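Novice: Once you've had a glance at the structure underneath, I'll fire off some questions.
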Amino acid sequence: MIGMIAKNTRVVVLTGAGISAESGIRTFRASDGLWEEHRIEDVATPQGWRANPQLVWSFYQQRRRQLLEVEPNPGHVALAELERYLDDFLLVTQNVDDLHERAGSNNLIHMHGELEKLRCEDCGHIEAMMDEEYLTDEFVACTNCGSRVRPHIVWFGEAPFQMRQIENAVHQCDLFIAIGTSGHVYPASKYLHDANMSGARTLCINLEPPENIQFFDEFFQGKSGELLPELVEQWINDSTVE
Ligand code: APR
Ligand code: ZN
């Protein structure tokens, strides 16, 4: 068991839908296999967007409006505190909500994109558009060229963002912590393997034992909003005593 983390430990944290569950955002792989009543192929693939852009647009607009109603939970807050304490910290999230940044996290990569942002299908212009006029079910026009914008979300079959930067950090880290992620989705699932290969310690905090549990050095079972504040407190406080 780790009781303390020295300030100069290089830490990479990977979060998934579970960390936002206690804020009221549903995870993906609920027992029915649907995401908010929709098949994932219909709302989270480029094919789905081409087949029925209105459905996909309305779906993400609803997710965007939901951001205005949810708040970070103690798990998000604890991670921001851990970041402030450490010299070298990277938070990689698969989540598209903005709860980590609202809790105070800074060094953060949204590998699957961000709900807040929209991206022009034509010129690629990306903008955070959260004013009321951009939150309706009507399509929105690019402020740069006037073409239609799409959600700035990585759909199945598209490449995640900043992979090189994430891989470098994972290869160099001393401690890798996965939180609230089922471990099903590549390439996030591969980072655990890479961290192990590089000799990092690997921890997991999850409500259910994840798919890849046997590859973690330690597993803490429970809700991240309950476990993380205690764990971070312990990691930070013990190490100041040395
Ligand atoms: N605290 C900790 N873990 C939790 C909590 C909680 N309060 N609630 C749920 N969990 C766990 C579940 O047990 C599950 O293992 O979080 C995990 C969530 O898994 P998924 O729903 O599969 O989410 P995630 O791993 O983030 O999915 C990865 O798949 O659909 C794509 O692109 C999408 O980013 C997403 C990716
Ligand atoms: Zn444009």
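Novice: Right, Val149: assigned to a strand (DSSP E or B) and free of Cβ contacts under 8 Å to residues at least 40 places away in the same chain or not?
Specialist: yes
Novice: Quick one: how many residues across segment 181-240 are modelled with pLDDT under 95 and either basic (Lys, Arg) or within 16 Å of ligand 2 (Cβ to nearest atom) (or both)?
Specialist: So the count comes out to 1.
Novice: Also, I was wondering about something else. Hey, can you tell me all the residues within segment 114-164 that are within 16 Å of ligand 1 (Cβ to nearest atom) and under 18 Å from Asn52 (Cβ atoms)?
Specialist: Across segment 114-164, the qualifying residues are Arg150, Pro151, Ile153, Trp155, Phe156, Gly157, Glu158.
Novice: Need pairs with beta-carbon distance below 6 Å; first residue free of Cβ contacts under 8 Å to residues at least 24 places away in the same chain and within segment 213-236, second open to solvent by 50 Å² or more (accessible area, probe 1.4 Å) and within 16 Å of ligand 2 (Cβ to nearest atom); sequence gap 6+ or separate chains.
Specialist: Taking only residues 6 or more apart or on different chains, not a single pair turns up.
Novice: Can I ask one more? Return the residues of segment 4-40 that are modelled with pLDDT of 95 or more, over 19 Å from Ile179 (Cα atoms) and open to solvent by 50 Å² or more (accessible area, probe 1.4 Å); say none if nothing qualifies.
Specialist: Lys7, Asn8
Novice: Let me ask you something else. Within the set of pairs 6 or more residues apart or between chains, which connect a residue that is in contact (Cβ under 8 Å) with a residue 60 or more places away in the chain inside segment 109-135 to a residue that is open to solvent by 30 Å² or more (accessible area, probe 1.4 Å) and away from ligand 1 (no atom under 16 Å from the Cβ) with Cβ atoms less than 7 Å apart?
Specialist: Leu135/Arg65
Novice: What's the number of the condition Trp235 fails, among (1) assigned to a loop (DSSP other than H, G, I, E, B); (2) of a type outside the set (Lys, Arg); (3) away from ligand 1 (no atom under 16 Å from the Cβ)?
Specialist: Condition (1) is where Trp235 drops out.
Each row is one residue, and each column tells you yes or no for (1) more than 28 Å from Val154 (Cβ to Cβ); (2) in contact with a Leu (Cβ under 8 Å, 6 or more places away or on another chain); (3) of a type in the set (D, E, K, R).
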{"position": "Gly183", "(1), (2), (3)": "no, yes, no"}
{"position": "Ala188", "(1), (2), (3)": "no, yes, no"}
{"position": "His193", "(1), (2), (3)": "no, no, no"}
{"position": "Met197", "(1), (2), (3)": "no, no, no"}
{"position": "Leu207", "(1), (2), (3)": "no, no, no"}
{"position": "Phe219", "(1), (2), (3)": "no, yes, no"}
{"position": "Lys223", "(1), (2), (3)": "no, yes, yes"}
{"position": "Val232", "(1), (2), (3)": "yes, yes, no"}
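Novice: Same structure, new question: So which residues in segment 206-232 are in a helix (DSSP H, G or I), under 15 Å from Ser182 (Cβ atoms) and open to solvent by 100 Å² or more (accessible area, probe 1.4 Å), if there are any at all?
Specialist: Gln214, Phe215
Novice: Taking interchain pairs and intrachain pairs at least six residues apart, which have beta carbon atoms under 6 angstrom, with the first residue in segment 173-195 and over 10 Å from Thr15 (Cα atoms) and the second outside any loop (DSSP other than H, G, I, E, B) and small (Gly, Ala, Ser)?
Specialist: Phe176/Ala195; Gly183/Ser189
Novice: For segment 146-165, does any single residue satisfy the condition of being within 16 Å of ligand 2 (Cβ to nearest atom) and open to solvent by 60 Å² or more (accessible area, probe 1.4 Å)?
Specialist: Among the residues of segment 146-165, at least one is within 16 Å of ligand 2 (Cβ to nearest atom) and open to solvent by 60 Å² or more (accessible area, probe 1.4 Å), which makes the answer yes.
The values are calculated or read from the model by the stated rules, or taken from the named source; none is laboratory data. Keep in mind the model is a prediction, meaning the values are calculated, not measured. All Cβ positions, even for glycine, are placed from backbone atoms using ideal geometry, and neighbour counts span all protein chains on display. To get the accessible areas, we keep the full protein, side chains included, count just its heavy atoms, and leave off ligands, DNA and RNA. Shrake-Rupley method; radii C 1.70, N 1.55, O 1.52, S 1.80 Å.
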